[in-house]
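What follows is one structure encoded as structure tokens, with my remarks underneath.
The values are calculated or read from the model by the stated rules, or taken from the named source; none is laboratory data. Here the structure is a predicted model, which is why all the values come from computation and not from measurement. Reconstructed Cβ throughout: ideal geometry from the backbone, glycine too, with neighbour counts over all protein chains shown.
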Amino acid sequence: MKKGVFVIKYRWWIIITTVLLVVASIIPLLQIRINPDLESYMPDSMPSKQNNRIISDVFGNDEMILIVLETRDVLDNKTLTRVRQISEDFSQMPGFGRVYSISQAKNIRSENGSMVVDPALGQLPQNDSEREALRTAIRANDMAYQVVVSDDFRYALIMLSSNKTIPDDQLMEIVNATLAKFPGEEKVYVTGAPYLRDESNQKIGHDIMVLLPIGLLVMFIFLFVTFREIRSVLLPFSAVLFSIVICLALIPVFGWELSLIGVLIPIMMIAIANNYGVYFIARYQDLNAAEPDLSVNALVKKTTNYLIKPVALCGLTTIVGVLGLVAHLLIPARQMGVVTALGIAFALLISLLFIPAVMSLLKKGNARKALLNGTNGFFTAMVMRAAHWVTKKPGLVIIVFILFLGLSSAGLFFLKIAPDSNKVLPEKHAFNKAINITDSHFGGSKVIYAMFDGDVTDPVLLHSLDRYEQELKMLPNVGTVTSLATIVKKISKALNDSTESGYNAIPPSQQAIAQYLELYSMSGDPADLEQYVSFDYTQTLMTIQYQADNLAQVRQIPDMLHRLSQKDSLTPVIGGPSLTDKDISESVEHGQYYSLLAAFVAILILLSLIFKSIHAGMLGSLPLVFAVLCTFGLMGWLGIELNIVTALLSSISIGLGVDFTIHVLWRIKWELASGNDYAGSITSTLRTIGRGIIINACSVMLGFAVLFLSAFPLIRSFAFLIIISLVLCLVSGLLLVPALCYLFKPKFLNKPNKISMYETT
């Protein structure tokens, strides 16, 4: 049974089944949840997640929130009062653990031969001389200077540890309410993982609520301008809406959550799901213009029979390309690959079954005049110019493509991988402002922890920690390194005379070290020691603050720690938030290779099977190779980093871009089988299907263009790159592939078709 006959015979069953399925999908759709936590994107097997879990079991799993106050002079009494009030208020709240600022910082000093641990900030200075004395004392106190007070005394830092008992949105409401409770003239900036998650959560919701309606509106206008009749708009539009509902409903059905990457799913469906319906409407209008005597049912049958195979194969190749994301290391990328592939499959069914079924129940409509006389303005002129260049100067066309490939792909040498998650939010966002201040004035916004097992009173262990500190501090991007060795040396300095050998040094005996630690616990706040030593004195924690502009700078710190500790037969457990960022960045890098390779191999095999020739697979893959290399090269030239979003580019562009090549190759093959020579076949191919291909490409690119309105810079970059990639796929599909076919005349194009893919009956 012809496919068109099947659609006509069972049209009501097709329509009712489709509508019921979409309506049923609304129930799980309403249960969708947003997850902005970048760490959750990683599999549990990742070293950073495992190590963070080990460290948190001993020292707690608190997360840091940093509050930066900017003023002319931190030591102004109004600023000091505000910092003290905010710090004390947070200290009394159950949702927070340790609070550290200039009002909590300690000063370890000697008094009459005894050690005294007192606050770095006692009474507020009453005059300029007291203020300058305080300034001198802070400069000499490395537990406060460049830790909670900047080197230029323009910034004060309040560090809050959150115990994760309060949801992010409620936590940030408390932080904002507390800051508002103690107003001042200082500018305030907040950063930290809870703040990032809360902001990202809001912006993900914003993107879905704003981008989706705008995308649908833009697509509606585009379809109306293209087809000039309301039903030719509403039917492809229905494919878009239905596919979006199905896609988003699948997320909670599978027990997943909507991630930052997940924002792309509905927009991708706007761009892709519309694709196949456009092909049907364009072909229906072409046949209606060419054969005006045909009935509605005859038009539907003929259009369906004509498109069923090429459109199905294009959809299949897109699905295969998108499924390349399943090979990615990031969990949301895998989920996106599965959900989007199923959504595309559903869009295919709607376009090849539901749209024809509904179309058969409507009036035939009037043939468009532009199609009756064989012209369609700009599109027709464009493809005919392309046909001229391909058939008259194929060698020149190929040379131009090679030169462009060489020039653009040279940018691959400058392509960088984003080292962290700081660029999730806009550059001028307060979150990034706080990051920049912390990097410039407080030793660095990034933190690495190293936990060591052993008796913390062992001088050998402390000497090792001290040596590691000194080596790490020599790295240009490392700001501060703090460990138990730091505290013990401060105590030694306070208890010994500067002329004695033990001055500012680790004592030689375990007994002396144990006494030092007991004195510190009795003289100061016991919580100060808990951040360095476990309750049973069998583990100790080193904290490294640093800044990094690239992934190499992140890697060198754990690499150095491993190298140094091996000499002492120590095995540190290295973790921290920046190590999670490193693992995410490395997953982006490796996942890009895996998903790209998987998509290319799958497309190569699929094209080879379709055309029953490995040469066909290689020829059909050339535009994809060209587009991917050029796009990533342009990323290098333009300084666009490879990140968790742009890493998805290759699989998606491959899946979409291969459609153009399939249509061109099969039409050339069909024209050759009809008796045309290569020049005539290529010209006829571009003239007949060029319009539909360009309309299709423009609709896809227009759908992705909506992402320029995203609140996330990462997604805006993705929008730019995917459009560039699709333009390159389109141009190479309409020019490079036909030029290669004309010049080399591959044998697979001359093989007779058992069943023509472009059936005309």
Quick one: which helices (runs of 4 or more DSSP H) sit completely within segment 426-505 and have at least 3 residues that are touching a residue at least 12 places away in the same chain (Cβ under 8 Å) and farther than 21 Å from Thr540 by Cβ? 430-441
Of everything in segment 89-145 that's basic (Lys, Arg) and in a helix (DSSP H, G or I), which residue is farthest from Thr438 (Cα to Cα)? Arg131
Can you tell me which of Ile246, Ile251, Ile265, Ile214 is touching a residue at least 12 places away in the same chain (Cβ under 8 Å), among the β-branched types (Val, Ile, Thr) and within 21 Å of Leu649 (Cβ to Cβ)? Ile265
Picked from segment 39-64 (must be of a type in the set (Gly, Ala, Ser), part of a helix (DSSP H, G or I) and within 23 Å of Gln539 (Cβ to Cβ)), the residue modelled with the lowest pLDDT is Ser48
If Ala370 passes every condition in (1) at pLDDT 90 or above; (2) more than 26 Å from Thr631 (Cβ to Cβ); (3) hydrophobic (A, V, I, L, M, F, W, C) but one, which one does it miss? (1)
Among the residues of segment 196-211, write down those that are farther than 30 Å from Ser161 by Cα and surrounded by fewer than 19 Cβ atoms within 10 Å (Cβ to Cβ). Met209, Val210
Test Pro43 against the criterion of being in contact with a Gly (Cβ under 9 Å, 6 or more places away or on another chain) and either assigned by TED's automatic domain parsing to the domain that holds Leu349 or not basic (Lys, Arg) (or both), and give yes or no. no
Test set (1) touching a strand residue (DSSP E or B) at 6+ places or on another chain (Cβ under 7 Å); (2) under 30 Å from Leu80 (Cα atoms) - Asn201 fails condition number: (2)
Mind checking whether some residue in segment 531-549 is assigned to a helix (DSSP H, G or I) and of a type in the set (A, V, I, L, M, F, W, C)? no
Scanning segment 72-83 for residues that are surrounded by 20 or more Cβ atoms within 10 Å (Cβ to Cβ) and outside any helix (DSSP H, G or I) gives Val74, Leu75
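Take Asp583 and tell me if it is assigned to a loop (DSSP other than H, G, I, E, B) and of a type in the set (D, E, K, R).
Taking the combined requirement at face value, the residue does not satisfy it.
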Complete set of residues in segment 174-195 that are surrounded by 13 or more Cβ atoms within 10 Å (Cβ to Cβ) and of a type in the set (A, V, I, L, M, F, W, C): Ile174, Val175, Leu179, Phe182, Val188, Val190, Ala193
Inspect segment 232-251 for any residue being out of contact with any helix residue (DSSP H, G or I) (no Cβ under 8 Å at 6 or more places or on another chain) and either of a type in the set (Val, Ile, Thr) or more than 27 Å from Asn163 (Cβ to Cβ) (or both) and give the result as yes or no. yes
Yes/no for Gly215 being within 13 Å of Ser699 (Cβ to Cβ) and outside the structural domain of Leu352 (by TED's automatic domain parsing): yes
So for segment 643-659 (the condition being free of Cβ contacts under 8 Å to residues at least 12 places away in the same chain and within 30 Å of the chain's Cα centre (by Cα)), does at least one residue qualify? no
Positions within segment 155-174 being within 29 Å of Gly122 (Cβ to Cβ) and either aromatic (Phe, Trp, Tyr) or touching a helix residue (DSSP H, G or I) at 6+ places or on another chain (Cβ under 8 Å) (or both), in sequence order: Tyr155, Ala156, Leu157, Ile158, Leu160, Ser162
Would you please name the residue that is nearest to Val263 (Cα to Cα), looking only at residues in segment 388-425 that are polar (S, T, N, Q) and in contact (Cβ under 8 Å) with a residue 40 or more places away in the chain? Ser421
Check Ile67, Ile86 and return the single one that is modelled with pLDDT of 90 or more and not in a helix (DSSP H, G or I). Ile67
Closer than 30 Å to Gln510 by Cα, modelled with pLDDT under 85 and over 40 Å from the mean Cα position of the chain (by Cα): is that true of Lys493 in this structure? yes
If you take the residues in segment 141-171 that are in contact with a His (Cβ under 8 Å, 6 or more places away or on another chain) and among the acidic types (Asp, Glu), which one is surrounded by the most Cβ atoms within 10 Å (Cβ to Cβ)? Asp151
Take Gly636 and decide whether it is outside any helix (DSSP H, G or I) and surrounded by fewer than 24 Cβ atoms within 10 Å (Cβ to Cβ). no
Criterion first (assigned to a helix (DSSP H, G or I) and over 30 Å from Met115 (Cβ atoms)) does Gln566 satisfy it? yes
So which of Leu325, Leu313, Leu342, Leu287 is touching a Cys at 6+ places or on another chain (Cβ under 8 Å), not assigned by TED's automatic domain parsing to the domain that holds Leu624 and not basic (Lys, Arg)? Leu342
What is the one condition in (1) part of a helix (DSSP H, G or I); (2) within 30 Å of Arg109 (Cβ to Cβ); (3) in contact with a Ser or Thr (Cβ under 7 Å, 6 or more places away or on another chain) that Ala156 does not satisfy? (1)
What number of residues within segment 50-68 are more than 27 Å from Pro94 (Cβ to Cβ) and surrounded by fewer than 20 Cβ atoms within 10 Å (Cβ to Cβ)? 1
Within segment 159-186, how many residues turn out to be part of a strand (DSSP E or B) and of a type outside the set (A, V, I, L, M)? 2
The conditions are (1) over 23 Å from Leu66 (Cα atoms); (2) aliphatic (A, V, I, L, M); (3) in the same structural domain as Leu415 (by TED's automatic domain parsing); (4) surrounded by 19 or more Cβ atoms within 10 Å (Cβ to Cβ), and Leu561 fails exactly one of them. Which is it? (3)
Looking at (1) without any contact (Cβ under 8 Å) to a residue 60 or more places away in the chain; (2) surrounded by 22 or more Cβ atoms within 10 Å (Cβ to Cβ), can you tell me which one Ile584 breaks? (1)
Please tell me if Lys423 is assigned to a helix (DSSP H, G or I), of a type in the set (Lys, Arg) and surrounded by fewer than 20 Cβ atoms within 10 Å (Cβ to Cβ). yes
How many residues does segment 617-633 contain that are within 23 Å of the chain's Cα centre (by Cα) and surrounded by fewer than 21 Cβ atoms within 10 Å (Cβ to Cβ)? 2
Leading residue by the ranking (nearest to Gln553 (Cα to Cα)) among those in segment 438-456 that are among the β-branched types (Val, Ile, Thr) and buried (at least 22 other Cβ atoms within 10 Å of the Cβ): Ile448
